[in-house]
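Have a look at the structure below, then the notes.
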Amino acid sequence: MSIIRLQRIFVFTFVLFGLLLASCAVGQTISSITPSNVAAGSGGFVLTVYGNDFDADSVVRLHSPSGVQTLQTYFVNAGLLMAGVTAIEVKNAGNLEVDVATYSTTSSSNLVTLQVTGSGSGSSSGSSGSSSGSGSGSSSGSGSSSGSGSSSGSGGSASCYGCAPSEGGSGSSSGSGSSSGSGSSSGSSGSSSGGSTTSPAGSSLLVTVTSPAANSSVNGSVTIAATAAKMSTTDGSIYSWAIFDGSDLLWVEENPDPSISANLALSAGAHSLRVVAYDDSFTGSTATVPVTATASGMTTTWNACIYTQNGEQYQAMQISPRQTLTGVLQSQMFWGPNCNPTQWTDQLNDVGQTMTFGAGSSWTYWFIHRADTPNVSAVWTMGNQSSGCVNYSTAPPCN
């Protein structure tokens, strides 16, 4: 037998062996995704991928006309992955293909279709960013929840992701988002006329608060509406938003939206509402609006605590509404103790699903992917209720 023929046999055997290895690696498959269709311009969300043979190296990918986007992926178990899809990816209508890849073995799964319906438009307001995170929840007392999600671990509801055993209800949460950087917000109130307040001259972005009017009176709840635009002297673009009451962070949106509208409850008394738009260099531009609340709109008690499970400690929140509370439960986490929006690190939410907590019920939710990380802070919101900034370095154990 010639040397050339031996070489050909060797090459054929090597290729065949490689194909056999590849066929083993390609064992991962997708059986379904949730949601399988979304409305164009509806904002970012968490994509839940069901299937087989996933592992810690698996990543979810989105195939779009602009290319293949690898999504920040959380491995839950061999049959479940969760990934964050940003508002940008679903801005326009069309079909997107989803698969799961493992780069270490150069393998990928079958493709499934994510339908984006409707005409699509510009940017959308949503509460998800560009990576994924997730959380857990449990409940006690009375109350109901209409949350949806994927099931993992134990709990009182098949729609509850990572819930602990509970009595009298169930919780549900997952989240997405990604951002890093440093910077600071500064500036005092700019001009106020015609019911609007703007950021001062020299700001990186022109922030205009159209509601509420400066020095107005509100009855316990206020709708804060604002826009942001580039200044002629700067080239920064909008990156994210935050609303403070004095120095206390009440609300965050990690999306590059040109406008926001947030309904927030306030305690009775005087308030200094600071609306901050951050540009892509993490520089904040601030418009400050003083208002007075003639009554308190606070109907929920928030108790930050550390939840311990299997010897690991998690950042948790006990939520106790005195009146029926309806909305999307969300939490934004930041490095350090002071809820600096430019130090954003994770998000917990309920995948945009509205939930209802009954009056007198008690709920506990926690970040399941941030075990034993004490040097963080967070702000929690649901409906118009906000916890304000909580520091987990000093939070007590959950009861």
> Restricting attention to the range 63-76, and to residues there that are open to solvent by less than 60 Å² (accessible area, probe 1.4 Å), touching a Ser or Thr at 6+ places or on another chain (Cβ under 8 Å) and of a type outside the set (S, T, Y), which single residue is modelled with the highest pLDDT?
Replying inline: L71
> Taking the range 321-344, which residues are open to solvent by less than 20 Å² (accessible area, probe 1.4 Å) and not in a loop (DSSP other than H, G, I, E, B)?
Replying inline: P321, L325, G327, S331, Q332, M333, F334, P341, T342, W344
> Here is a list of conditions, (1) on the phi > 0 side of the Ramachandran plot; (2) out of contact with any Leu (no Cβ under 6 Å at 6 or more places or on another chain); (3) open to solvent by less than 20 Å² (accessible area, probe 1.4 Å), and G360 meets all of them except one; can you say which number that is?
Replying inline: (3)
>> Exactly one condition in (1) of a type outside the set (D, E, K, R); (2) in contact with a strand residue (DSSP E or B) (Cβ under 7 Å, 6 or more places away or on another chain); (3) in a loop (DSSP other than H, G, I, E, B) is false for A295; which is it?
In response: (2)
> Does the range 208-264 hold any residues that are open to solvent by 40 Å² or more (accessible area, probe 1.4 Å), among the β-branched types (V, I, T) and either within 17 Å of M382 (Cα to Cα) or out of contact with any Ser or Thr (no Cβ under 6 Å at 6 or more places or on another chain) (or both), and which are they?
Replying inline: T223, T233
>> Can you tell me which of (1) within 17 Å of S107 (Cβ to Cβ); (2) at pLDDT 85 or above is the one A93 doesn't meet?
In response: (1)
>> For the condition in contact with a Gly (Cβ under 7 Å, 6 or more places away or on another chain), at negative phi and touching a residue at least 12 places away in the same chain (Cβ under 8 Å), what is the one hit in T227, T301, T286?
In response: T286
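The values are calculated or read from the model by the stated rules, or taken from the named source; none is laboratory data. All of these numbers come straight from a predicted model, not from anything done at the bench. Note that we place each Cβ from the backbone using ideal geometry, even for glycine, and neighbour counts take in every protein chain shown. Remember, those area values only see protein heavy atoms, side chains included, never the ligands or the DNA or RNA. Shrake-Rupley method; radii C 1.70, N 1.55, O 1.52, S 1.80 Å.
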